[in-house]
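Read the structure below first, then the notes.
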Amino acid sequence: MRSVAPGTLPIFHLDRNDPSPLHKQIYDRYRASILRGDLRPGEQIPSSREFAAELQVSRFPVLNAYGQLLAEGYLESRVGAGTFVSSSLPEQQMSVPQPSGRSLVAPSGPRPVSRRSALYPPLPSLPFVRGWGSFGVHQPALDQFPFSIWSGLVARHSRNPHVNAIHRIDPRGAERFRSAVCDYLRTARGVHCSPDQILIVSGSQQALDITARVLLDPGNAVWVEEPSYSLERIVLSTAGCRLVPVPVDGEGLNVAAGIKRAPKARAAFVTPSHQYPLGSTMSASRRIQLLNWAHSAGAWVIEDDYDSEFRFESLPISSMYGLDLNARVIYIGTFSKVLFPSLRLGYMVIPADLMDRFVAVRHAMDIFPPYLHQEVMADFILEGHFIRHIRKMRQVYRERRSVLYESLTREFPPHQGFEVHGVEAGMHLAFTLPKGLNDREISARAANSRLWLWPLSTSYITSAVRNGFVMGFGSSLPAEIPRAVRLMRAVIDEG
């Protein structure tokens, strides 16, 4: 270690106009000097009295700065000798952000990351995913939500929370909420289960992630609908699964095609009540075929029932879980899509013999779900607000769906090659384009007019894609839809 002069005074200037406190400025400049190598390990620094006199400030800011630097290990105090730059710091020069607040740190040296992390695509940067406006997918009619009731329930549980809501740690979720969900599923979806089979999750995306961690190993073949939900495919791909795209038609997943392509697949991921994105409903015969295949192959069926509450031409279709006699189905539902997206509250119904495995994974991920909105949602269900809201929204979405369908068929006649799909249920429909039109290019142009047209082609794995759009109507007012469709026609024609 080189010889150093005792009590070296670092050269820096205090800015009296800087809003930062003096002790923070002293701390920042000392730390920067040490990390740059201007002050070396073992080098003595001035006493607080000397340094305060040099800076013409009170001793207190200097003492506070020295205390912080000592606490963080940049300085060390030697009894009877003074204060020194810590001898345990490395000699080599280090990069450090300047005290202006603008980071000047540059990446250097080996920066290893997992191969798996590269499988996660970056968040979409295309303009059609950035805004709130006409035809945005999964955008509910927030103007119709009973916020006064909801805020009253939130206030009630915030003022007088149950002890369990504060202290109870249950990875499955609040028992009272699970019981309410259980009662709702039994009457509305034909799902007969016990509260002990229900696992509360942060929306259907976490449910898919937990399912993949519990049921699937790298290399397993899994059926996915073609086209399908892109975030589902990301979960399965990053789990190391081999995705087997199975075509979808007017009856839903083509089970015979799936058996032909991968008869020993570990699982099938399906949206039988309202296929995403084409909107078809899986027929009874296909459902039975799928359950029979799962039983004979020892496979699992993951049923994503994301918005089945909204069916317009008939009563809601019973769940596939309700047909299952061999405990092969894992059922996923969510409140985030039917109420409001930031709620991030969903649930799973799991065969009893698998529950311990799912709970163990759930606990390892984030211990247990937040309780406040569970308590609020339990009251929202038990006091009848949820069912009333769903009934009201069926009428609201039916009207918006009808206006959108009529506007599309008027502006885009079928004989020109345009088609509308999946109008029987849900909060979106699919609109396919004639050959020669590129949905991504049109979506980018439409975003400049505040039309949020999600390209259908992004939902495919294979090269046999259909160009078109997934068009949400939940947040679009009926009076605004015809104008938005005319604008959409103009955007398509300008290409």
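The values are calculated or read from the model by the stated rules, or taken from the named source; none is laboratory data. Just so we're clear, the structure is a prediction, and the values are computed from it rather than from any experiment. When we count neighbours, we look across all protein chains shown, and the Cβ atoms used for this are built from the backbone with ideal geometry, even at glycine. Protein only, heavy atoms only, side chains kept; ligands, DNA and RNA dropped before computing areas. Shrake-Rupley method; radii C 1.70, N 1.55, O 1.52, S 1.80 Å.
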- Message: When you check Arg400 against the structure, is it farther than 16 Å from Val181 by Cα and either in a strand (DSSP E or B) or touching a residue at least 12 places away in the same chain (Cβ under 8 Å) (or both), yes or no?
- Response: yes
- Message: Quick check on my filter: what residues within segment 26-47 are touching a residue at least 40 places away in the same chain (Cβ under 8 Å) and open to solvent by 50 Å² or more (accessible area, probe 1.4 Å)?
- Response: Arg31, Arg36, Arg40, Ser47
- Qualifying residues in segment 257-306 (those that are aromatic (Phe, Trp, Tyr) and in a loop (DSSP other than H, G, I, E, B)) - the one farthest from Ser228 (Cα to Cα): Tyr306
- Query: Being under 24 Å from the mean Cα position of the chain (by Cα), modelled with pLDDT of 95 or more and on the phi < 0 side of the Ramachandran plot, is that true of even one residue in segment 181-196?
  - Reply: yes
- Message: On the basis of being assigned to a helix (DSSP H, G or I), surrounded by fewer than 20 Cβ atoms within 10 Å (Cβ to Cβ) and either in contact (Cβ under 8 Å) with a residue 24 or more places away in the chain or in contact with a strand residue (DSSP E or B) (Cβ under 6 Å, 6 or more places away or on another chain) (or both), does Glu406 make the cut?
- Response: no
- Query: Quick one: which of Asp209, Asp217 is open to solvent by 10 Å² or more (accessible area, probe 1.4 Å) and over 21 Å from Pro370 (Cβ atoms)?
  - Reply: Asp217
- If we scan segment 211-218, do we find a residue that is β-branched (Val, Ile, Thr) and in a strand (DSSP E or B)? no
- Query: What are the residues in segment 142-169 that are modelled with pLDDT of 90 or more and either in contact with a helix residue (DSSP H, G or I) (Cβ under 9 Å, 6 or more places away or on another chain) or part of a loop (DSSP other than H, G, I, E, B) (or both), if any?
  - Reply: Gln144, Phe145, Pro146, Ile149, Trp150, Leu153, Val154, Arg156
- Message: Among the listed residues Ala425, Ala430, Ala447, identify the single one that is modelled with pLDDT under 90, in contact with a strand residue (DSSP E or B) (Cβ under 7 Å, 6 or more places away or on another chain), closer than 27 Å to Lys337 by Cβ and of a type outside the set (Asp, Glu).
- Response: Ala425
- Item | Scope segment 170-189; condition open to solvent by 10 Å² or more (accessible area, probe 1.4 Å) and under 26 Å from Arg266 (Cβ atoms); matching residues | Pro171, Arg172
- Query: Any chance segment 254-276 includes a residue that's open to solvent by 30 Å² or more (accessible area, probe 1.4 Å), touching a residue at least 60 places away in the same chain (Cβ under 8 Å), over 22 Å from Leu345 (Cβ atoms) and in contact with a helix residue (DSSP H, G or I) (Cβ under 8 Å, 6 or more places away or on another chain)?
  - Reply: no
- Query: Can you name the residue in segment 61-80 that is under 17 Å from Asp15 (Cα atoms) and either open to solvent by 40 Å² or more (accessible area, probe 1.4 Å) or among the hydrophobic types (A, V, I, L, M, F, W, C) (or both) and is also nearest to the chain's Cα centre (by Cα) among such residues?
  - Reply: Ala65
- Query: Given the conditions (1) closer than 28 Å to Met427 by Cα; (2) part of a helix (DSSP H, G or I); (3) open to solvent by 40 Å² or more (accessible area, probe 1.4 Å), and given that Glu313 satisfies all but one, which numbered condition is not satisfied?
  - Reply: (2)
- So, of the residues in segment 348-390 that are under 30 Å from Arg159 (Cβ atoms) and basic (Lys, Arg), which turns out to be most open to solvent (accessible area, probe 1.4 Å)? Arg388
- Query: Considering only segment 281-297, how many residues are under 22 Å from Thr211 (Cα atoms) and open to solvent by 40 Å² or more (accessible area, probe 1.4 Å)?
  - Reply: 3
- Query: Among Val248, Val224, which is open to solvent by 10 Å² or more (accessible area, probe 1.4 Å), in contact (Cβ under 8 Å) with a residue 12 or more places away in the chain, outside any helix (DSSP H, G or I) and within 17 Å of Gln275 (Cα to Cα)?
  - Reply: Val248
- Task: Please work out if Leu487 is open to solvent by 10 Å² or more (accessible area, probe 1.4 Å), touching a helix residue (DSSP H, G or I) at 6+ places or on another chain (Cβ under 9 Å) and part of a helix (DSSP H, G or I).
- Result: yes
- Query: If you check Pro455, Pro414, which single one turns out to be at pLDDT below 90 and in contact with a strand residue (DSSP E or B) (Cβ under 9 Å, 6 or more places away or on another chain)?
  - Reply: Pro414
- Could you give me the residue pairs with C-beta distances under 6 Å whose first residue belongs to segment 429-447 and is surrounded by fewer than 19 Cβ atoms within 10 Å (Cβ to Cβ), whose second residue is modelled with pLDDT under 90 wherever it lies, and which are 6+ apart or on separate chains? Ala444/Pro127
- Message: Kindly evaluate Gln197 against the criterion of being under 22 Å from Pro351 (Cα atoms) and either among the charged types (D, E, K, R) or buried (at least 20 other Cβ atoms within 10 Å of the Cβ) (or both).
- Response: yes
- Per the filter on segment 448-480, residues among the hydrophobic types (A, V, I, L, M, F, W, C) and open to solvent by less than 10 Å² (accessible area, probe 1.4 Å) are Leu451, Leu453, Leu456, Phe469, Val470, Met471, Phe473
- Confirm whether Arg362 is more than 18 Å from Cys182 (Cα to Cα), over 22 Å from the mean Cα position of the chain (by Cα), of a type in the set (Lys, Arg) and not in a strand (DSSP E or B). no
